[in-house]
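Below: one structure, written as structure tokens.
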Amino acid sequence: MSKKILCIEDSITTQKIILHTLSQAGYFVDLANNGVEGIEELAKDSYDLLLLDLIMPKMNGFHVLREISRVAQFSNIPVIVISSDKRQQCIDEVMRLGARKFICKPFKAEELLEAVSEVLKNKLCPDNGMTA
């Protein structure tokens, strides 16, 4: 059975890259344009993984991470943060908030596929998840 992934990302270009890359690899991908839409999608459906941008309108990725950690229904969904904010302070904060991996934009398709595969297989420890 294919894994279902929710991508919360406001960039249409990045959405298209993620959708194409992961669909070609056999994953089902749903898209949300901001954190508010993403939380609504999480409440409507069941997901195996969340891909999350940080800098978005309406509700940023930090708020999404805080919200999903508070809601039991969402708290077991692993999160990969994908962001252009490469500051160590930012990376440390998202990992502290429960992200399993951090991918810096721009990223390569292979890098995304490897991260998704690792997290879905639960091989990744939460404290060593940065990909530069």
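I'd like the full set of residues that are without any contact (Cβ under 8 Å) to a residue 40 or more places away in the chain and either closer than 16 Å to I103 by Cβ or buried (at least 18 other Cβ atoms within 10 Å of the Cβ) (or both), limited to segment 1-14.
Our first condition is that a residue be without any contact (Cβ under 8 Å) to a residue 40 or more places away in the chain; within segment 1-14, this holds for 1-2, 12-13.
Passing the criteria: only T13.
Which count do you get for residues in segment 22-60 that are under 22 Å from N122 (Cα atoms), in contact (Cβ under 8 Å) with a residue 40 or more places away in the chain and not acidic (D, E)?
9
Restrict the check to segment 15-32 and report whether at least one residue is within 21 Å of L97 (Cα to Cα) and modelled with pLDDT of 95 or more.
Filtering segment 15-32 down to residues within 21 Å of L97 (Cα to Cα) leaves 32.
With the extra rule that they be modelled with pLDDT of 95 or more, the set shrinks to 32.
Yes - at least one qualifying residue is present in segment 15-32.
Within segment 104-112, is there a residue that is at pLDDT below 95 and crowded, with 20+ Cβ neighbours inside 10 Å?
The answer is no; no qualifying residue exists.
Does segment 49-66 include one or more residues that are surrounded by fewer than 19 Cβ atoms within 10 Å (Cβ to Cβ), of a type in the set (K, R) and under 22 Å from M95 (Cβ atoms)?
yes
Scan segment 59-79 for residues that are farther than 23 Å from P106 by Cα and not hydrophobic (A, V, I, L, M, F, W, C) and jot them down. Let's see the steps before the verdict.
Taking segment 59-79 first, the residues farther than 23 Å from P106 by Cα are 66-77.
Answer for segment 59-79, where residues must be farther than 23 Å from P106 by Cα and not hydrophobic (A, V, I, L, M, F, W, C): R66, E67, S69, R70, Q73, S75, N76.
Just to be sure I understand, how many residues within segment 1-18 are assigned to a helix (DSSP H, G or I) and either more than 13 Å from the chain's Cα centre (by Cα) or of a type in the set (D, E) (or both)? Walk me through how you get there before you give the answer.
To start, the set of residues in segment 1-18 that are assigned to a helix (DSSP H, G or I) comprises 12-18.
When the remaining residues are screened for being either more than 13 Å from the chain's Cα centre (by Cα) or of a type in the set (D, E) (or both), the result is 12-13, 16-17.
Selection size over segment 1-18: 4.
The values are calculated or read from the model by the stated rules, or taken from the named source; none is laboratory data. Please read these numbers as outputs of a predicted model, since none were measured by experiment. Methodologically, a virtual Cβ is constructed for each residue, glycine included, from the backbone with ideal geometry; neighbour enumeration extends over all protein chains shown.
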